[in-house]
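Student: The structure under discussion is supplied below as structure tokens; questions concerning it will follow.
Just so it is clear, none of the values below were taken in a lab; they were calculated from the coordinates. These numbers were taken from a predicted model, which means no experiment stands behind them. Here Cβ is always computed from backbone atoms with ideal geometry, including for glycine, and neighbour counts include all displayed protein chains.
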């Protein structure tokens, strides 16, 4: 999908398992989440070699580490991917590659639904769980609400550990991963503004009725549809409805089965994330 990458993480075989993974394939390893997973595997010495594959490898944009090697591969080519896996025989596969949520429908394979991105992710989730068997143990991690990237990384490492050690009842399951601090979207964003030294009090906030925003979004969608000769139909109303509805997810199964806990409190995670983001501007 686009320039998504697949790093293949290979650990030399060992007779005993001691927090070291054997062979691991990681899809989307140079994306935002994937790059953090890769860095964690390297930092904790879970891997001796990482083979990163992409249609157009960009070694200069990746961590400088002799264990990281780049190869060209189109992950939309089943034959190429099959050959790669047969050659390297990964023990663990972590897939975190994805096109942007607003990619053109042709990238995602068109479905008669309001959000083809969400539909394809749901189908992939179901396929992974349906593939679970004694010879192929699988889990899915559902990153929802707000979650600090290092907490998401920790969840992936714990899931891999559970699969490799045959943790009781761990496989064939879906686990939600969050900061365990549910907040309405705009409350979360106000904390981000505070962390960026841009404090806005509630009294300064002007509230526009939801129906008015939905109407403007609907007009905008029709305008795009008409003036682009039906080539572009943005999902403005869908985004607005999501912001208004909100939803919260329990991470208790992940805590119980995988031992997952967020690595930081959300306020500290927001502070560090905003500091990193502003430093990268």
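Student: How high is the relative contact order of segment 185-245? Use alpha-carbon pairs under 8 Å, at least six apart in sequence, and give a whole percent. Show your work: numbers first, answer last.
Tutor: Working: 29 pairs, mean separation 16.1, N = 61.
Once normalised by length, the contact order is 26 percent.
Student: For each of 194, 139, count neighbouring Cβ atoms within 10 Å of the residue's Cβ, then give the residues from fewest to most.
Tutor: Details: 194 15, 139 24.
With the fewest neighbours first, 194, 139 line up as 194, 139.
Student: While we're on this one: Counting pairwise Cα distances across segment 185-245, what percent come out greater than 12 angstrom?
Tutor: In whole percent, the share of Cα-Cα pairs in segment 185-245 beyond 12 Å is 73.
Student: For segment 127-264, restrict the atom set to alpha-carbon positions and state the Rg and Dmax in Å.
Tutor: So, for segment 127-264, Rg and Dmax equal 20.4, 59 Å respectively.
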